[in-house]
Amino acid sequence: MFLEKTGEQQLRGLLQGAFDAVYVLTAIRDASGAIVDFRYTDLNAHAARRMRRPREEILGRTVTELTPRQEVQTFIDGCGEAILKNQPWEEETAVTLSDGSKIWVRRHAVAVGETVALTSRDVTAEKESAEALRRSHEDLERRVVDRTQQLTSQILQRQRAEDRFTRLFESGLLGISISDTTGKTFEINDAFARMLGFTRDELLSGEIDGLALSPPEYAQESLANRETLKTKGVVMPREREFFRKDGSRAPVLMGVAMLGSTEVLVCASDLTESKRAKVELAKVEEQLRQSQKMEAVGSLAGGVAHDFNNLLSIILSYGAMIESSLAEGDPLRGDVQEILEAGHRAADLTRQLLAFSRKQILKPRVVALNGLVGGVEKMLRRLIGENIEFTVLATHDLGLVKVDPGQVEQVLMNLAINSRDAMPNGGKLTIETNKVMLGAEYATEHPEVTPGLHAMIAVSDTGVGMDAATRARVFEPFFTTKGPGKGTGLGLSTVFGIVKQSGGHIWVYSEPGAGTTFKVYFPCVDGFPTEAEPAGLTTATRGTETILLVEDEERVRTLAVKVLKRHGYHVLEAQSGGDALLICEQHGARIDLLLTDVVMPRMTGRQLADRLRGLRPEMKVLYMSGYTDNSIVHHGVLDSGINFLEKPLTVDSLTRKVRDVLDRK
Ligand SMILES: Nc1ncnc2c1ncn2[C@@H]1O[C@H](COP(=O)(O)OP(=O)(O)OP(=O)(O)O)[C@@H](O)[C@H]1O
Ligand SMILES: [Mg+2]
């Protein structure tokens, strides 16, 4: 008993002194025996304090009397479970005290029969520090994650940048090198190496002196660039050159930038192609300008030649008439002969001008070009003299071309004479023939060329050659470097005109001191060689037939009338096509020949002839002209079956040709 008493007292003492709130509760059962509530049978001071009530007020009351049921249901259930299962029950939960403050408690219930001893420890501090720890843990964790993500993305970014750089580096778009500030290269791509004509390995070997690749005139600039690089960190792209491995120069656009403080990045883009294209364009432009100039000079020359031929017709014909009227031994005879000779020389010049302006009338035939070259070889040999070694290298099968053989001979002669003049102390003259295919690519570079097979004649000499300025002007009429009286400057312009009019092309290749080559190309044609027409001019000059003469130039007309009448003809005179039609209507008798100028205002000679054909089918037609006109000539080629008398007229040419046409069947 004493012991019991003592035990109980001790227990109470312990209870009161306990740090936790301790309650002793007795179960309350309902009618069915289910535990529905508990009654406080004892509690320590700590517990009373927790409940903010005096101990006495609590003892004997039920739990739900003092606390709303919804707040204590788990607790009632837990304690009930401790009784029923006879096992300790435990929970940790937040409770709201009567003053509204919240604390965390850990409850522990042990049952003895219907009595439960419940300890409730305030674990708020513990809980909070755990919470703080957890939070700081979480925070740390989050920070670690964030940092990791940051680092990963930085790494990825760098990797991506590196990938991009690598792709740029290997793309070949730009020459890229990385070196240190002393100029030692440790990275260089193939594109850069290629620009310089080296391999990467060669450039990275350290055996190539970078300075030696920079032409001396860039030394100053390189120094300045180094300064700029130091202060600004970049040198803006600039055009410059490097020496290639083979010593040639590589033009590049180059920029430099510092990578950090120790690495220097150089980017260079190859300008060779664009420079080449520019040069090519300039060349084509120059060609175009040249051909436009030639065209302009040509039409000028053609116009002049037309007028000259009329004037020369008068000079030559009247001169000849005066000459023939003078007695043998007349002192004036010599003077007249001088006039006539000068007139003939002027006629030659005019013919050359016409040739240049491509207004000359060609009589083209299908011929083998080799035969032509062979034909003039002997004459050329005589022309160039002894001290020049002359070789003809002819390709066996050169093919057929359609040209005026006389004109091509003229071309070869002019070229050979120029070569002779370029080699006053002797040398070599070579004429080479070859069959070449001028392809589409060639044609884009030389816009006037129609692609296809061409027969080529190259005339080469080992003479003084030409500089670019001379080369650019050789085909211009009256351009000569020969002294006064030595050259007229019409040789090559004639050549040019003939070649162009024949559908061909001519190029000159020459350097001062290195000789000259002229290459002439004629398009090849199919078919068979055609024979030359027999010259057929009679020596007879007189007749009594009736001729209708149509010429708008009064002086030329008067002249022709005079010449024809003197040679026995009956002449009807008209100054225009309209005039001629009228005369035809009025003239009852037969008219044997229509002799008409070609180029006349309003109605051309051709149109006139066509209109008269119906009226007078028996009448023959002879055209005369100083130059070609599309009505009887197409592209400089006389329509077949056409009788044509070239101006300037001379007494001889006029009377013979008239007789010739009248006598034709
Ligand atoms: N084979 C050549 N070598 C060096 N220069 C040449 C050669 N052929 C032509 N030339 C230059 O071209 C110029 C013009 O030549 P072109 O034949 O048109 O006239 P030319 O020979 O001076 O006079 P012409 O032919 O009327 O007697 C010449 O004066 C000369 O300067
Ligand atoms: Mg010449």
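The values are calculated or read from the model by the stated rules, or taken from the named source; none is laboratory data. If you're wondering where the values come from, they're calculated on a predicted model, not measured in any experiment. Cβ coordinates were reconstructed from backbone atoms using ideal geometry, including for glycine residues, and neighbour counts include every protein chain displayed.
Descriptive notes on the structure:
- Any hit, region 490-507, residues being more than 10 Å from ligand 2 (Cβ to nearest atom) and surrounded by fewer than 16 Cβ atoms within 10 Å (Cβ to Cβ): yes
- Residues located in region 478-489, provided they are touching a Ser or Thr at 6+ places or on another chain (Cβ under 7 Å) and within 9 Å of ligand 2 (Cβ to nearest atom): 480, 487, 488, 489
- Region 468-503 - residue that is touching a helix residue (DSSP H, G or I) at 6+ places or on another chain (Cβ under 9 Å) and hydroxyl-bearing (Ser, Thr, Tyr) and, of those, farthest from ligand 1 (Cβ to nearest atom): 502
- Residue satisfying condition, being touching a strand residue (DSSP E or B) at 6+ places or on another chain (Cβ under 6 Å) and in a helix (DSSP H, G or I), within set 377, 389: 377
- Applying the condition of being of a type in the set (Phe, Trp, Tyr) and modelled with pLDDT of 90 or more to region 174-225 and asking which residue is farthest from residue 237 (Cα to Cα) yields 198.
- Residue check for residue 590: part of a helix (DSSP H, G or I), surrounded by fewer than 16 Cβ atoms within 10 Å (Cβ to Cβ), touching a residue at least 12 places away in the same chain (Cβ under 8 Å) and assigned by TED's automatic domain parsing to the domain that holds residue 659: no
- In region 487-505, the residues that are on the phi > 0 side of the Ramachandran plot form Cβ pairs under 6 Å with partners that are more than 6 Å from ligand 1 (Cβ to nearest atom) and not in a loop (DSSP other than H, G, I, E, B), at six or more places apart or across chains, as follows: 503/523.
- Residue 444 polar (S, T, N, Q) and more than 16 Å from ligand 1 (Cβ to nearest atom): yes
- Selection status of residue 463, within 12 Å of ligand 2 (Cβ to nearest atom), over 30 Å from residue 400 (Cβ atoms) and touching a residue at least 40 places away in the same chain (Cβ under 8 Å): no
- Positions within region 408-435 being loosely packed, with under 15 Cβ neighbours inside 10 Å and either within 16 Å of ligand 2 (Cβ to nearest atom) or under 19 Å from residue 521 (Cβ atoms) (or both), in sequence order: 424
- Residue within region 525-543 that is out of contact with any Ser or Thr (no Cβ under 8 Å at 6 or more places or on another chain), of a type outside the set (D, E, K, R) and within 14 Å of ligand 2 (Cβ to nearest atom) present: no
- Exactly one residue out of 400, 415 is over 23 Å from residue 487 (Cα atoms), modelled with pLDDT of 90 or more and assigned by TED's automatic domain parsing to the domain that holds residue 501: that is 400.
- Residue 261 vs. criteria among the small types (Gly, Ala, Ser) and either modelled with pLDDT of 90 or more or surrounded by 12 or more Cβ atoms within 10 Å (Cβ to Cβ) (or both): no
- One residue from 482, 500 being charged (D, E, K, R) and out of contact with any Lys or Arg (no Cβ under 8 Å at 6 or more places or on another chain): 482
- Residues in region 50-65 that are farther than 15 Å from residue 28 by Cα and surrounded by 14 or more Cβ atoms within 10 Å (Cβ to Cβ): 50, 51, 53, 55, 58.
- Sole residue being surrounded by 20 or more Cβ atoms within 10 Å (Cβ to Cβ) and either among the acidic types (Asp, Glu) or outside the structural domain of residue 598 (by TED's automatic domain parsing) (or both), chosen from 350, 395: 350
- Residue ID - farthest from the chain's Cα centre (by Cα), chosen from residues in region 460-486 that are of a type in the set (Gly, Ala, Ser) and surrounded by 15 or more Cβ atoms within 10 Å (Cβ to Cβ): 463
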